[in-house]
Amino acid sequence: MKNKKLFLLPILTLLAIILSACAQSGATAAASTPVPASLIAEGSLLPVQALEQSFTTSGQVDKVLVKDGQTVKQGDLLVTLNNTAAAQLALAQAQQEELAAQQAYDDISQSTSSGSLAELNLAQAQYNYNVAYGNYWNRNSLQGSADAIALTRARLQILDNQISDLEDKYNSMGESADTETGKAKVLETLSQARLDREDVKKLLNYYSSNPNSLDVQTLKAKLDVAKSALEDAQRVVARLKDGIDPDQLAAAQARLTTSQAAVNNAQVNLDSLQLKASMGGTIVDVNVLPGQQVSALQTLMAVADYSSWVVETDNLTETEIVNVTVGQKVKVILDALPNVELAGTVTHINDRFVETRGDVTYTVTITLDETDPHMRWGMTAAVYFE
C-alpha cells in the first residue's frame, strides 16, 4: 500500500501541473477576447439654441417690454434705455435731409437725360397753346361771321354728297361680305365721312349761336394757362441746354454722402438704446427693471428655443471618444426622471479638446428624438452610447 502511494504521487503532481497550465492558457485567451460594454457619460440638458441678450452700451433702463415665458420673434423690442425718443427724432430728421439731398442730386444728375423729355414737354405745351389760341380766336372773332358760316355750310354740303355717293357704292356691292377688301374700304371711308359730318354740324351750330361772354372768358382763361405752361417749358429747355455743371453735381454728391452718413450714425445710436431679440423663442430669466443702471454686455435675459432639446457631455476621454461617431444612437436618462428613457442621436463631436482634471476630454452633443413635459434646462443626464 505504501508503494502505491509513492507511485501515485508523481502522477498527481504531473496532473496538477498540466491543469495549472491549461487554466493559465484559458485565462490568457479570455483576456484577449473583447467583452462588449456600454459607454456611459454624464451631461446637461439644454434647449436646442439659446442666446443671452445684452446692450452694447451702458445706460439707464427706460422700459422693460417683456417678461419670463413670453414668446418673441427675432427683432422684437425687449428693453429700451433713456433718450430713445430723442434718438428716434434725430433719425427721422436725418432721413428727411437724406431724402432732400437725394432729390437734389437726382435733379442735377438727370439733367442730360431730362433734356429730351423737356423738349417733348415743350412741343406738347406749344400744341396746347395753339389749340387754346385757336379756340379763343374762333369764339371771339368768327362767331356770327357770315363768311365762317357760309364756309362751314359748304363743307357740310360736300360731306353730304360724299356720303350719298359712298352709300350708293356700298349698296351696289350687293351681298358680298363686309370683310371683302373693296367693300371693307368703302365701308371704312363711309364711316369716317359720317363722323366728319357730325363734327362740321357741331361747328356750324357753334358759329350760328349768339355770342356768349362766359364762353369767351373761359376760353381766355384756358389760353392764359396754356401760355404760362409754354413759358415754363421754354425756361426748362433753356436751363438744360448747357448740360450739367460739374461743381454743382459735386456739391450735390457731397451733400448726399454726408446725409447718408448722418442717417447711419443716427440709426446706430438708436440701435444702441434698443435691445431687440437676436432670435425667436421664449424669454428666460429677465433680470432688469425700469430705472436700473446697466452696463455694456451685461446679461439682462436670454431667449431660448424649446422646440427641441440637446444633451451636452464634456467628460469623454481620448480613449473613449474613439468609440463615438456622429449618427450613433444613444439612450438618455435624466436624474430627475429616472423612469423615463429618451432616445437620441449624436449630432456633433467637438474637434477641440479640453483638459479636465488632468484628462484630455471632448464635448459631444446629442439631439433628443423624444421629449417630456417635465424636462428643464440644466437637468443632469446619463448618456448610454449603444
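Computed with the Debye formula from one identical point scatterer per Cα of region 287-386, without solvent, the log10 of I(q)/I(0) at q = 0.20 Å⁻¹ comes to -1.00. Solvent-accessible surface of region 53-98, averaged per residue with a 1.4 angstrom probe and all protein chains in place: 58 square angstrom. When the trypsin sites (Lys or Arg not before Pro) in region 262-354 are filtered for DSSP coil states and for at most 15 other beta-carbon atoms within 10 Å of their beta-carbon, the remaining sites are R352. Pairwise Cα separations in region 46-135 fall into 5 Å bins from 0 onward with the following percentages, short to long: 2, 9, 10, 10, 10, 8, 7, 7, 6, 6, 6, 6, 5, 4, 2, 1, 0, 0. Dipole of region 304-371 computed with +1 at Lys/Arg Cβ and -1 at Asp/Glu Cβ about the Cα centre; of Y362, H348, N315, farthest Cα towards the positive end is H348. Near the amide H of K276, within less than 5 Å, lie the amide hydrogens of L78, all on another chain or at least 5 residues away, with H placed in the peptide plane. Close amide H pairs (under 5 Å, H built 1.01 Å from N) link S58 with A296, residues at least 5 positions away or on another chain.
The lysines within cross-link reach of K201, meaning a Cα-to-Cα straight distance under 25 Å and a gap of 8 or more places when in the same chain, are K169, K185, K220, K222. For region 316-365, the relative contact order comes to 38 percent (Cα pairs under 8 Å, sequence separation of at least 6).
Over the Cα atoms of region 185-317, the radius of gyration divided by the Kirkwood radius equals 1.46; this is the Rg/Rh ratio. Once Rg and the Kirkwood radius are both taken over the C-alpha atoms of region 277-326, their ratio Rg/Rh works out to 1.22.
The translational diffusion coefficient of region 261-305, from Stokes-Einstein at 25 °C and 0.890 mPa s with a Kirkwood hydrodynamic radius over alpha carbon pairs, comes to 197 µm²/s. Across region 153-233, Cα-Cα distances exceeding 17 Å account for 64% of all pairs. Here the 3J(HN,Hα) profile of region 185-201, calculated from phi with Karplus coefficients 6.51, -1.76 and 1.60 at θ = phi - 60°, is 5, 4, 5, 5, 5, 5, 4, 5, 5, 5, 5, 4, 4, 5, 5, 5, 4 Hz, Gly and Pro shown as x.
Taking amide H positions as modeled 1.01 Å from N, with prolines and chain starts lacking one, no residue 5 or more places away or on another chain lies under 5 Å from F353. Taking the Kirkwood radius as Rh and the Cα radius of gyration as Rg, region 316-366 has a ratio of Rg/Rh equal to 1.04.
The values are calculated or read from the model by the stated rules, or taken from the named source; none is laboratory data. Model, not experiment: these values are computed from the prediction. Here the Cβ is made from the backbone with ideal geometry for all residues, glycine too, and neighbour counts use every protein chain on show. For accessibility, only protein heavy atoms count, side chains too; no ligands or nucleic acids. Shrake-Rupley method; radii C 1.70, N 1.55, O 1.52, S 1.80 Å.
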